[in-house]
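Asker: Attaching a single structure in structure tokens format; questions to follow.
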Amino acid sequence: MNKTWILLANGERARCFERHASDHSLTELTDFVFPRASLAGEAGGGKLTGAAGKGHGRTGHAGTQFEPRTEAQDKARASFAQELATYLNDSIAAKRYSSLVLIASSPMLGEIKALLNLSAGNALKRSVASDLTQFTGNELKKSIDHALALPA
């Protein structure tokens, strides 16, 4: 088995392709879309605040502690990155690919890479910070070829 997978991702969409060695053509394997409409806090301006909890600081009952504010977008991206990493981790275990290329938006790239298991991490041959999820057809192939030609 000598299959190269290319995962294109941003915080809302990911597409996984198999790249054929003979002509570098692409076959789309799957398309992930993270449903933004279901995000908690979306109606409230897109921010999700941590639950305000009463706590006891060093001053006893006089102190109140609050959870730090967390962007809903950050939580959603982390959840989506986990879903994608699980897919890649499970697929390398099933020997569905031998080489991996990640091309993802800057925040997503780091999150996915951090969640890859040892096998998937060892299969990772290249990672590029770029969002190519919107491209299709010949434009997609050219964009991927250009991203892979960039210096590491």
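Computed from the coordinates by the stated procedures, all read-outs in this text should not be read as laboratory data. In this text the structure is predicted, and so the values were computed from the model without any measurement. FYI the Cβ positions are ideal-geometry reconstructions off the backbone, even for glycines, and counts take in every protein chain you see.
Asker: What is the sum of charges, Lys and Arg at +1 and Asp and Glu at -1, for the other residues whose Cβ falls under 12 Å from the Cβ of residue 78? Before the final figure, lay out the partial values.
Answerer: Numbers: positive: 75, 77; negative: 71, 74, 83, 111.
That works out to -2.
Asker: Nearest 20 debye, what's the magnitude of the dipole of segment 68-152 about its Cα centre given +1 on Lys and Arg Cβ and -1 on Asp and Glu Cβ?
Answerer: Dipole of segment 68-152, to the nearest 20 debye: 220 debye.
Asker: Then there is this: With just the Cα atoms of segment 93-151, tell me how far they stretch along each of the three principal axes, in Å, largest first.
Answerer: Here the Cα extents, ordered largest to smallest, are 32, 25, 22 Å.
Asker: Quick one: of 95/125; 75/113; 3/75; 75/142, which pairs are farther than 22 Å apart, Cα to Cα? Please list the in-between numbers first.
Answerer: On the way: 95/125 16 Å; 75/113 17 Å; 3/75 32 Å; 75/142 32 Å.
Going by Cα-Cα distance, 3/75; 75/142 fall outside the 22 Å limit.
Asker: What is the set of long-range amide H partners of residue 32 at a cut-off below 5 Å, with H atoms built 1.01 Å from backbone N?
Answerer: 14, 15, 16
Asker: Where Lys and Arg each count +1 and Asp and Glu each count -1, what net charge lies around residue 108 among other residues with Cβ under 12 Å from its Cβ?
Answerer: -2
Asker: Taking H placed 1.01 Å from N in the peptide plane, check which residues at least 5 places from residue 124 or on another chain put their amide H under 5 Å from its amide H.
Answerer: For residue 124, whose amide H was placed from the backbone, the distant partners under 5 Å are 100.
Asker: Further, regarding this structure: Set the Förster distance to 25 Å, then compute FRET efficiency between residue 22 and residue 142 from the Cβ-Cβ distance, nearest 0.05.
Answerer: Values: r = 18 Å, r/R0 = 0.72.
Step by step, r from the Cβ atoms, then E = 0.90.
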